[in-house]
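The values are calculated or read from the model by the stated rules, or taken from the named source; none is laboratory data. Predicted, not measured: the structure shown is a model, and the values here were computed from it. Every residue, glycine among them, receives a Cβ derived from its backbone with ideal geometry; neighbour counts consider all protein chains shown.
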Amino acid sequence: MGYTPSASRLERERDRTLSKRRSTSIAIISTIVFGLVVGFVLSRSSGIKAVGQSFFSPHYFAISIRPVLGGIWLNFRVMIITEILVLIFGTLIALARTSRSPVLYPLRLIATAYTDLFRGAPLLLILYLVGFGIPGLNFSWIPSSAIVLGTAALTLTYTAYVGEVLRAGIEAVSPTQTMAARALGLTQWQTARFVVFPQAFRKVIPPLLNDLVSLQKDSGLISVLGAIDAIRSAEIVKAQYYNFTPYIVAGVAFILLTIPLTRFTDWITKRQDLARVQRGQW
Amino acid sequence: MKKSQDDLLVINNLRKSFNNDLVLDDVSLTLKEHEVKVLIGASGSGKSTLLRCINLLERIDDGQLLLAGEDIASEKIDRDRIRSQIGTVFQSFNLFPHLTVIKNIALAPVQVHGWSKEEAMQKAMDLLERFGLKEKANQYPDLLSGGQQQRVAILRAIISKPKVLLLDEVTSALDPILIGEVLSLISELKAEGMTMMIATHEMGFAYKVADELMFLHKGVIAESGKPEKLLAKPKSKELKEFLKSLHDAGRL
């Protein structure tokens, strides 16, 4: 007793194959048309050659690659340290913002003011204030290194962002979870530590990683304080030869640094979605 | 105010309101050790609120709550300590989704009762095995059926041997087919002598498991007594109406 596909099934499959083929051809044609349009527009530009020379010169690429890569190592270290600090302080801010205890009211107030201030103010402004303002106070115990102060400024700004993301996660955990934990006799702190936090953290991994990617690329801004990072190194080469290719090199280096984290974010998001589908939560 | 040696939970003249809405009005009852009291009554009659007052998830307006002779409504009391002596199971299970089944059960024994991790995991596994959930030990709650989740929630509530177990409409979120497995677990607990307060809409189960049935109506215990007596010969007009409405809905 073999199974013979019915005529209607065969017809459906034939139609599906046809429509798939049609989609593929449309994609190919539209890609070609798009490429032709871009090529045509660029070919109409009289300055295309000059721009190519100043931004994409192989000669200056070779010259700048060493100093820029030396600089990106500094960016890399700043990124890692800032990310760790931001996660720690962001957690504290989120904790302060979500606490309901009356004793912590002043802390809650400070955390709210902090978030409003540092999330609203441009990062460049914070960099200048911290990088040039603080050393100006002439306290001997405050380090004057551009790298340290730059890291501090980045941490200040991104802690505000990450704190808000974590807070959203904490508030997204159902109050019935807290109720169940308290009914078991867990204290408020134990409830936060073992029940609310682990769930909150999982919920916000994608937006959290998104902020960290953004932080990585913004680490290039510490160059305004004079730290010899990738951007600053590129600037030095540019000033020497009046060619912008070094910036492109630095840009590519930053992109290459952020791509692993971006892919990781995609992977985690996809895995979470998949898990949710499997659990039938959609 | 009577009080004898085996009065486990004594409630005297309990009063509770939410924003001028009186939910419990002068409720008094005494739960003896190994006794099972079942609360019946329409939705909104105050059954859940009464249970939530007992495990201190709600503060009472007036009255007295005594657990093993200790005044647990006192502001001076350590609420976490009291809650750790009372098991509570909710209608919506409320298992912790980020923890496996066995870790759900072992969390409070380790964190609250100071058991060693090995001991807690071992006892949790023993319980799971006894109640036919051994294979689910290392799964996450979301992968279990509703009945299995609720049974796990009950085990989570009883592992640390609470003085009293509160069950708040624990079968209301379940398919009729799954209700049976939860109810038979509760019957086993009764056979073991667990002291329980149960709010339920399952009249057949209430009849079977209750030492005393209490009918709550608009925050007042309108009638109480042995189930066979109460259900066969209801005295108050309210209980008669309630039983008739259940009968008409085909639930009795």
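Go through the residues of segment B:218-241 one by one and say whether even a single one is within 14 Å of chain A (Cβ to nearest Cβ) and either under 30 Å from B:Asn20 (Cβ atoms) or in contact with a Phe, Trp or Tyr (Cβ under 6 Å, 6 or more places away or on another chain) (or both). No, the conditions are met nowhere in segment B:218-241. Screening the candidates B:Ser48, B:Ser17, B:Ser28 for the property of being among the polar types (S, T, N, Q), touching a strand residue (DSSP E or B) at 6+ places or on another chain (Cβ under 9 Å) and under 24 Å from B:Lys161 (Cα atoms) yields one hit, B:Ser48. From the list A:Ile65, A:Ile48, A:Ile88, the one residue that fits, being free of Cβ contacts under 8 Å to residues at least 12 places away in the same chain, out of contact with any Asp or Glu (no Cβ under 9 Å at 6 or more places or on another chain) and within 25 Å of A:Ala250 (Cβ to Cβ), is A:Ile48. When the test is whether a residue is in a helix (DSSP H, G or I), hydroxyl-bearing (Ser, Thr, Tyr) and crowded, with 22+ Cβ neighbours inside 10 Å, A:Tyr158 passes it.
Residues in segment B:34-55 include at least one that is within 13 Å of another protein chain (Cβ to nearest Cβ) and either assigned to a strand (DSSP E or B) or touching a helix residue (DSSP H, G or I) at 6+ places or on another chain (Cβ under 8 Å) (or both).
Figure legend. Inter-residue proximity from segment B:151-165: first residues within 10 Å of another protein chain (Cβ to nearest Cβ), second residues among the β-branched types (Val, Ile, Thr) and in a loop (DSSP other than H, G, I, E, B), beta-carbon distance below 9 Å, spacing 6+ or different chains. Indicated pairs: B:Ala153/B:Val170; B:Ser160/B:Val112; B:Pro162/B:Thr195.
Cβ separations smaller than 6 Å between residues 6+ apart or across chains give no pair from segment B:102-116 residues that are within 14 Å of B:Leu128 (Cβ to Cβ) and more than 11 Å from chain A (Cβ to nearest Cβ) to residues that are part of a loop (DSSP other than H, G, I, E, B) and among the basic types (Lys, Arg).
Across segment B:76-101, which residue is farthest from B:Gln149 (Cα to Cα) among those that are touching a strand residue (DSSP E or B) at 6+ places or on another chain (Cβ under 8 Å) and facing chain A (nearest Cβ under 7 Å)? Among those that are touching a strand residue (DSSP E or B) at 6+ places or on another chain (Cβ under 8 Å) and facing chain A (nearest Cβ under 7 Å), it is B:Thr88. Note on segment A:122-141: residues that are in a loop (DSSP other than H, G, I, E, B) and more than 18 Å from the chain's Cα centre (by Cα) amount to 5.
Would you point out the residue of segment A:163-191, among those that are among the small types (Gly, Ala, Ser), assigned to a helix (DSSP H, G or I) and crowded, with 20+ Cβ neighbours inside 10 Å, that is farthest from the other protein chains (Cβ to nearest Cβ)? Checked segment A:163-191; the qualifying residue farthest from the other protein chains (Cβ to nearest Cβ) is A:Gly163. Listed here are the helices (runs of 4 or more DSSP H) enclosed by segment A:5-100 that have at least 2 residues being closer than 30 Å to A:Ala153 by Cβ: A:58-98. Where helices (runs of 4 or more DSSP H) fall entirely within segment B:61-171, those with at least 1 residues that are among the β-branched types (Val, Ile, Thr) and touching a helix residue (DSSP H, G or I) at 6+ places or on another chain (Cβ under 7 Å) are at B:101-111, B:146-158. Against the list (1) modelled with pLDDT of 95 or more; (2) exposed (fewer than 14 other Cβ atoms within 10 Å of the Cβ), the condition A:Ser140 fails is (1). More than 20 Å from the chain's Cα centre (by Cα), part of a helix (DSSP H, G or I) and farther than 22 Å from A:Pro122 by Cβ, is that true of A:Val237? Judged against the criteria, A:Val237 is a match.
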